[in-house]
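Read through the structure below, which is laid out as structure tokens, and then see the notes.
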Amino acid sequence: LVDTIAWQAEILPEAPHPSRASGMQFVQTLISHIGASARQDASLYQWALDSLRQAEHQRLEQTRTRLARVIEDMGLTDFRSTLPDRLGDTTVSVLDTTQMHTVPSQLLDLPAQQGSGSVAPSRWLASLVVGAFARLYLEGRWVHARLAWVDPAREGFLWADCRTEQAWPIVSRALQVLHGEGLAMTMEPRSLVRAAARLLATQLQR
């Protein structure tokens, strides 16, 4: 539960965005309820955890509703062919390998950015499901994004910025290039509790 609460800071817009304010208020309400409960058992914390996950799902559905026109346009697009710069009259840019921005060389020189581990780009793409979070290098900057839609052939992916209302339709070949260069990776909650326990163990050993 602690890790999931901390995760909200990663996926909510920056303050003073209304979504962050309401999200943090919801977290505070859960904490207050837990603190006031006479019976402290696993079911109480599981309820709070499920509530946070349901809130995340509701935000995803709101995003998909906001992007409904884009999703409809993408459903009619042949992603194997050369894509236009725009989808219909929407304001969302289509990202293919020919539209990808040049990556600063200093990023590619960092050992941590070389490749994306042992997972091949094709396998990484196959693992993506609607609702997945990713850290992507797009338009010259790092963004935290959530997968809002995937076409049935898995050739087109619609990513929505977690912190703004911007979105990016990206073809699979462009995502594979980004992942292969270490510029697209899955985002998952970090275990702050486990990290704190490791730090404490190290301090005790000293």
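Listed values, structure above:
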item	result
Contacts under 7 angstrom Cβ, first residue in segment 1-29 being within 13 Å of Ser191 (Cα to Cα), partner in a helix (DSSP H, G or I) and open to solvent by 40 Å² or more (accessible area, probe 1.4 Å), 6 or more apart	Leu1/Tyr45; Val2/Leu192; Val2/Val193; Asp3/Leu192; Asp3/Val193; Ala6/Leu192
Only one of Leu44, Leu52, Leu67 that is surrounded by 17 or more Cβ atoms within 10 Å (Cβ to Cβ), touching a helix residue (DSSP H, G or I) at 6+ places or on another chain (Cβ under 8 Å) and either without any contact (Cβ under 8 Å) to a residue 24 or more places away in the chain or within 18 Å of Phe133 (Cβ to Cβ) (or both)	Leu52
Residues of segment 18-33 classified as open to solvent by 70 Å² or more (accessible area, probe 1.4 Å) and not hydroxyl-bearing (Ser, Thr, Tyr), total	7
Neighbours by Cβ (under 7 Å, 6+ apart or cross-chain): first from segment 138-157, farther than 20 Å from Pro189 by Cβ; second open to solvent by less than 10 Å² (accessible area, probe 1.4 Å) and in a strand (DSSP E or B)	Leu138/Trp168; Trp149/Leu158; Val150/Phe157; Glu155/Val171; Gly156/Pro169; Gly156/Val171; Phe157/Leu147; Phe157/Ile170
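The values are calculated or read from the model by the stated rules, or taken from the named source; none is laboratory data. Everything quoted here is computed from the prediction, not taken from an experiment. Neighbour counts are summed over all protein chains in view; Cβ atoms, including those assigned to glycine, are modelled from backbone coordinates with ideal geometry. Heavy atoms of the whole protein, side chains included, go into the accessibility calculation; ligands, DNA and RNA do not. Shrake-Rupley method; radii C 1.70, N 1.55, O 1.52, S 1.80 Å.
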